[in-house]
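Let me begin by presenting the structure, written as structure tokens, before commenting on it.
The values are calculated or read from the model by the stated rules, or taken from the named source; none is laboratory data. Keep in mind the model is a prediction, meaning the values are calculated, not measured. A quick note on method: Cβ atoms are made from the backbone with ideal geometry, for glycine too, and the neighbour counts reach across all protein chains shown.
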Amino acid sequence: MFDGKSVLITGGTGSFGHTFVPMTLAKYNPRRLVIYSRDEMKQWEMAKLYGDDPRVRFFIGDVRDKDRLARALDGIDFVVHAAATKIVPTAEYNPFECVKTNVIGAMNLIDACIDHEVKRVIALSTDKASSPANLYGATKLTSDKLFVAGNSYSGSHKTRFSVVRYGNVMGSRGSVIPFFLSIADKGELPITDVRMTRFMITLEQGVELVWHAFEDMVGGEIYVKKIPSMKVTDVALACAPNAKHEIVGIRPGEKLHEQMIGTEDAPYTYEHSEHFKILPAIHNWSNDPYRIKDGKKVPEGFTYCSDNNAEWMSIETLRAWITQNREKVGNI
């Protein structure tokens, strides 16, 4: 799919980019793989990992800067949009900055991709975009809508846009697993709410879902990976089995359970063997057989939430994953 092609990833120095780049280079042979981000130090550190590999390029720029995007997208065939302001409390206290990146940045990228005849674009979404309860989720829902509508906005151009949505990435920077591990020796872990549940996905699974979306997409689909859930108390037991739990309460904008498909999306959602696909409500695209393929429509009122999930990860499974990936936890 990417052999001989040029691929650009916005926010490419983040957790997703650090997994997407080596996996894509190993499976495919792209002509160029361009990491577009605004942090020169992160680019400098990442560049050391690839030595003189001529396929890997680095381009400093911000998705807020449409002119810079236009320059970066020259000759690009595929784009993965991973750039975002994504820490929930940060977004709550800095809403203007969050909107500039997550909404205005999305608009800039859509326009620039259409103007430069990019073939396909995948935007990374989040569970928080489904029935959002915080500003970050609201901006990502807006972003999702923008990318879906981009398929009709592109007019006679061939650019196509789709979205990939998944939940908590296991071991990623700023997430709960590295946090619990970092304070495990103190003998006490802060628990927001004993009822809280979260989806669990590895970055490798996220990359594979993006690959599948690129191959499968017609335009406007939102792909949701089927993944297991865990109670936050079980995550704590996997990280520090002997630690006591201190209940500290839910943070501003935080949800008790993660949701990736709400009841409002159910009429347009189809189930596949390893994922769900939410089709666009506009233009009657949700009834398009080319988008539905072999999917089966979900029941009326269907939701996909971390508390009503059919698949659950055990404490032993997470503990084994932590042992196997200890060096990467908190660094991905």
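Some values worked out for this structure:
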| item | result |
| --- | --- |
| Lys293, sole failed condition from (1) farther than 17 Å from Thr126 by Cα; (2) modelled with pLDDT of 95 or more; (3) under 23 Å from the mean Cα position of the chain (by Cα); (4) surrounded by fewer than 17 Cβ atoms within 10 Å (Cβ to Cβ) | (3) |
| First in the stretch 189-201 and farther than 21 Å from Ile322 by Cα and at pLDDT below 95, second anywhere and among the charged types (D, E, K, R) and surrounded by 19 or more Cβ atoms within 10 Å (Cβ to Cβ), Cβ under 6 Å, 6 or more apart | none |
| Among (1) in a helix (DSSP H, G or I); (2) without any contact (Cβ under 8 Å) to a residue 40 or more places away in the chain - the single one Ala149 does not satisfy | (2) |
| Matching residues in the stretch 266-287 - criterion: being more than 21 Å from Pro228 (Cβ to Cβ) and either in contact with a Pro (Cβ under 9 Å, 6 or more places away or on another chain) or surrounded by 20 or more Cβ atoms within 10 Å (Cβ to Cβ) (or both) | Ala266, Tyr268, Leu279, Pro280, Ala281, Trp285, Ser286 |
| Entirely in the stretch 1-120, the helices (runs of 4 or more DSSP H) that have 1 or more residues that are loosely packed, with under 14 Cβ neighbours inside 10 Å and of a type in the set (Ser, Thr, Tyr) | 88-93 |
| Among (1) over 21 Å from Met217 (Cα atoms); (2) part of a loop (DSSP other than H, G, I, E, B); (3) charged (D, E, K, R), the one test that Asp294 misses | (1) |
| Residue check for Asp234: modelled with pLDDT of 95 or more, under 30 Å from Tyr153 (Cα atoms) and acidic (Asp, Glu) | no |
| Unique match (being buried (at least 19 other Cβ atoms within 10 Å of the Cβ) and without any contact (Cβ under 8 Å) to a residue 60 or more places away in the chain) among Ala236, Ala184, Ala213 | Ala236 |
| Only one of Thr197, Thr159, Thr192 that is of a type in the set (S, T, N, Q), farther than 27 Å from Arg68 by Cα and buried (at least 20 other Cβ atoms within 10 Å of the Cβ) | Thr197 |
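Here is a yes/no grid of residues against (1) free of Cβ contacts under 8 Å to residues at least 24 places away in the same chain; (2) assigned to a helix (DSSP H, G or I); (3) out of contact with any helix residue (DSSP H, G or I) (no Cβ under 8 Å at 6 or more places or on another chain); (4) closer than 23 Å to Lys255 by Cβ:
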{"position": "Asn284", "(1), (2), (3), (4)": "yes, yes, yes, no"}
{"position": "Tyr290", "(1), (2), (3), (4)": "no, yes, yes, no"}
{"position": "Phe302", "(1), (2), (3), (4)": "no, no, no, yes"}
{"position": "Asp307", "(1), (2), (3), (4)": "no, no, yes, yes"}
{"position": "Ala310", "(1), (2), (3), (4)": "yes, no, yes, yes"}
{"position": "Leu318", "(1), (2), (3), (4)": "no, yes, no, yes"}
{"position": "Trp321", "(1), (2), (3), (4)": "no, yes, yes, no"}
{"position": "Glu327", "(1), (2), (3), (4)": "yes, no, yes, no"}
